[in-house]
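Below is one structure; the comments refer to it alone.
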Amino acid sequence: MSTVAGLAALTLALAGCGGSDSESGSDEAQNSPAASESAPAGPAEDDDQSAATDDDTDDQDEQDDEKKTAAQDSSGQGLSADADLAEDSPAISAEDAIKKAKEKVGGGTVHSIELDWDDKDEAWQYDVSVLDGKTDHDVDIDAETGKVVSEDTDDADDKEQAIDLNDPMTFDDALKRAQKKSDGKLVSWKLEFDDDKQEYQFDFEKGGEDTEVTVDTESKRVSVDD
């Protein structure tokens, strides 16, 4: 009997030690630096994924903006159809339009340039006239994109003179003189040599009525045609 009791006591003692070691191991595992450092691994991965998603969104927004800009550039609609040319200008300047027209024709004398709204193409266009020998070219250029829209040719025997946008009178100077005769919205303008005279023609619109004002760049004479 004493032997059996001794074996039972020994068994209980061993079982107690095992439980103590297990609990101690569990506590050590919970309090270890490795366990505490590995715990936030999940949220960190979420942050990386969130940052990657934000970068993808930013890249997509930039691509969308570029597409919108490209679409606007190709449409020729930088200025609205009812724009006031005295206040706003298209992307392509008159000087650039003249250069593009001469490049298209291959040289010649530019004797006229006009800027107005084309109802068919729904765009602002320059109409540039270039005399090359005995052939007169009318080149239409989109005032927003600079693209050549069309070109027509006619035979001509006239000796045209080249226009000058700055001499002896600038566009701005001529416009100021014309505005003293009309305070309407400027819907189109033209510079040409006509009857050995270089003249600006400004077309104003106000209250449904049109007024054409002509400014002689040499004599500075201003005339009005209602």
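The values are calculated or read from the model by the stated rules, or taken from the named source; none is laboratory data. Predicted model, so just to flag it, every value in this text is computed and none were measured. Here the Cβ positions follow ideal geometry from the backbone for every residue, glycine too, while neighbour counts run over all protein chains shown. All accessible areas refer to the heavy atoms of the entire protein, side chains included, with ligands and DNA or RNA removed. Shrake-Rupley method; radii C 1.70, N 1.55, O 1.52, S 1.80 Å.
Among the residues of the stretch 183-204, some residue qualifies, meaning at least one is crowded, with 16+ Cβ neighbours inside 10 Å and modelled with pLDDT under 95. No other residue among 120, 100 is open to solvent by 30 Å² or more (accessible area, probe 1.4 Å) and over 22 Å from residue 187 (Cβ atoms) apart from 100. Screening residue 173 with (1) modelled with pLDDT under 95; (2) open to solvent by 50 Å² or more (accessible area, probe 1.4 Å) gives one miss only, at (1).
For the stretch 144-168, the tally of residues that are surrounded by 15 or more Cβ atoms within 10 Å (Cβ to Cβ), at pLDDT 95 or above and under 21 Å from residue 199 (Cβ atoms) stands at 2.
Of the residues 223, 129, the single one that is more than 29 Å from residue 105 (Cα to Cα) and either open to solvent by 80 Å² or more (accessible area, probe 1.4 Å) or in contact with a Ser or Thr (Cβ under 6 Å, 6 or more places away or on another chain) (or both) is 223. Only one entry of 51, 81 meets the criterion of being more than 20 Å from residue 151 (Cβ to Cβ), at pLDDT 90 or above and either over 18 Å from the mean Cα position of the chain (by Cα) or not basic (Lys, Arg) (or both), and that entry is 81. A search for C-beta distances below 7 Å between a residue of the stretch 91-115 that is more than 12 Å from residue 131 (Cβ to Cβ) and any residue that is of a type outside the set (A, V, I, L, M, F, W, C) and part of a loop (DSSP other than H, G, I, E, B), counting only pairs 6+ apart in sequence or on different chains, returns 91/78; 91/144; 92/144; 92/146; 96/146; 100/146.
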